[in-house]
Amino acid sequence: MAVLVTGGAGYIGSHTAVALHDAGHEVVIVDNFANSSPRAVDAVRALTGGALSFVEADLLDEAAVRGIFEQHEISEVVHFAAHKAVAESVQEPSRYYRNNLGSLLGVLEAMLEHGVDKLVHSSSCTVYGQPAVLPVAESAPVGAASPYGWTKLMCEQIITDVCAVRPLAAVMLRYFNPVGAHPSATLGEDPNDIPNNLVPLVMQVAGGRRERLAVFGDDYDTADGSGVRDYVHVVDLAEAHVAALEVLAAGHDGAAAVNVGTGSGSSVLEVIEAARRATGRPIPYEIVGRRPGDIAKTWAATDLAREFLGWQAKLDIDDMMRDHWRWHSQNPDGYGR
Ligand code: UDP
């Protein structure tokens with residue numbers, strides 16, 4: 001029996017495929033390389049001693065998805081495959097809705113047809129917007145500020161509705177800000193075009209590819225005025241998926257949304273400081289205006305992750321910067337797409 005990892009060539013998916021293998025699971029990856037590289041699959045294969053099945057397919061292709069379930073003995077699914085660029089989703093909403101909702105629906109329907117009843121789903125802390133109360137708990141009000149955010153919320157709703165009436169149990173992991181890389185430096189984040197996220201940009205400045213970082217605002221209601229996020233090491237995040245599958249295997253019923261963060265926030269300026277320590281590079285920056293749509297601060301309540309999943313983050317911001325830098329400095333062009 002195998003775990004199907006959709007989007008398993010992606011940043012979080014590839015790290016999770018390795019973690020699942022290390023925990024004793026058989027793994028089947030499906031990916032269409034829409035935003036990932038075949039070299040990530042090679043890297044997962046190298047880290048897992050070759051024990052990996054891979055299928056290149058688009059999850060919108062119903063026949064291909066059915067084929068995966070016919071050809072492999074799938075017992076559980078970890079569903080990552082989705083478009084994830086917020087700004088792009090504003091420009092191309094219908095493409096985002098079609099891809100992110102359609103992929104989930106295709107996978108869900110194939111699961112139900114084949115009696116596969118355990119799902120771990122990638123969700124996001126974006127569903128909280130700017131929380132009124134911090135740390136933000138899973139019971140906080142949810143909403144969305146972009147088509148991307150809506151797809152995350154709608155996917156949670158679809159899964160919840162299906163779990164209510166069909167033999168399906170699901171854990172929906174609401175990721176905070178994933179950073180870092182596998183300690184081997186053979187797996188990491190490989191943003192195409194110009195990265196949008198803070199840490200990949202910081203690493204490009206450290207590596208000399210970019211002259212300075214633009215810090216988007218120093219007038220937020222935070223200790224140093226810059227935005228605060230709960231950064232979580234991708235290796236810890238991968239382990240949360242293993243823990244979620246264990247909870248499902250133990251017979252948990254229904255659909256549960258669970259935060260995956262460290263429980264503490266770092267400001268942009270603190271991230272720059274941590275990156276300076278990890279890289280030994282100066283990392284020049286300038287303060288510019290706020291980025292439209294940004295929230296001031298968020299960090300996760302981690303009680304449910306601890307109590308329900310038995311999971312908590314082990315790695316801190318210094319570990320994240322060290323591992324992200326090792327990956328970036330050894331692979332400045334990522335997988336070299
Ligand atoms: N940020 C920044 N400069 C950049 C990119 C991001 O100051 O070039 C800030 C951003 O305003 C936010 C934090 O870094 O406070 C994290 O941004 P990211 O896009 O990585 O994550 P998100 O905003 O989606 O949580």
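The values are calculated or read from the model by the stated rules, or taken from the named source; none is laboratory data. Worth saying up front: this structure is predicted, and the values here are computed from it rather than measured. Cβ: placed from backbone, ideal geometry, glycine included. Neighbour counts: every protein chain shown.
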Next on the checklist: What pairs come out if I take residues in region 214-234 that are within 7 Å of the ligand (Cβ to nearest atom) and pair them with residues that are of a type in the set (Lys, Arg) and in a loop (DSSP other than H, G, I, E, B) whose C-beta lies under 6 Å away, six or more apart or interchain?
Outcome noted: Phe216/Arg290; Phe216/Arg291; Gly217/Arg290
Checklist outcome for this item: The condition of being at pLDDT below 95 and either on the phi < 0 side of the Ramachandran plot or small (Gly, Ala, Ser) (or both) holds, among Asp190, Asp218, only for Asp190
Next on the checklist: Here is a list: Asp318, Asp333, Asp294. Which entry is within 26 Å of Ala214 (Cβ to Cβ), more than 14 Å from the ligand (Cβ to nearest atom), outside any helix (DSSP H, G or I) and of a type in the set (Asp, Glu)?
Outcome noted: Asp333
Checklist outcome for this item: Here, strands (runs of 3 or more DSSP E) confined to region 212-279 with at least 1 residues that are touching a Gly at 6+ places or on another chain (Cβ under 9 Å) and buried (at least 18 other Cβ atoms within 10 Å of the Cβ) are 213-216, 231-233
Checklist entry - Among Ala274, Ala300, which is more than 10 Å from the ligand (Cβ to nearest atom) and either polar (S, T, N, Q) or closer than 30 Å to Ala23 by Cα (or both)? => result Ala300
Checklist entry - Of all the helices (runs of 4 or more DSSP H) wholly in region 1-110, which have at least 1 residues that are more than 30 Å from Asp294 (Cα to Cα) and either touching an Asp or Glu at 6+ places or on another chain (Cβ under 6 Å) or touching a residue at least 24 places away in the same chain (Cβ under 8 Å) (or both)? => result 11-22, 38-47, 62-71
Item to check | Lone qualifier among Val171, Val199 - being over 20 Å from Asn35 (Cβ atoms), in contact with a Phe, Trp or Tyr (Cβ under 9 Å, 6 or more places away or on another chain), surrounded by 19 or more Cβ atoms within 10 Å (Cβ to Cβ) and among the β-branched types (Val, Ile, Thr) | outcome: Val171
Next on the checklist: Quick test of your reading of the structure: Thr262 fulfils all but one of (1) within 13 Å of the ligand (Cβ to nearest atom); (2) within 19 Å of the chain's Cα centre (by Cα). Name the failing condition by number.
Outcome noted: (1)
Checklist outcome for this item: Among residues of region 201-210 being assigned to a loop (DSSP other than H, G, I, E, B) and out of contact with any helix residue (DSSP H, G or I) (no Cβ under 7 Å at 6 or more places or on another chain), the residue farthest from the ligand (Cβ to nearest atom) is Gly208
Checklist entry - On the given criteria, is Ala181 under 20 Å from His241 (Cβ atoms), aliphatic (A, V, I, L, M) and outside any helix (DSSP H, G or I)? => result yes
Checklist entry - How about region 164-178: which of its residues are away from the ligand (no atom under 11 Å from the Cβ), in contact with a Leu (Cβ under 7 Å, 6 or more places away or on another chain) and in a strand (DSSP E or B)? => result Ala169, Ala170, Val171
Checklist entry - So which of Asp161, Asp190 ends up being within 16 Å of the ligand (Cβ to nearest atom) and either part of a helix (DSSP H, G or I) or in contact with a Ser or Thr (Cβ under 8 Å, 6 or more places away or on another chain) (or both)? => result Asp190
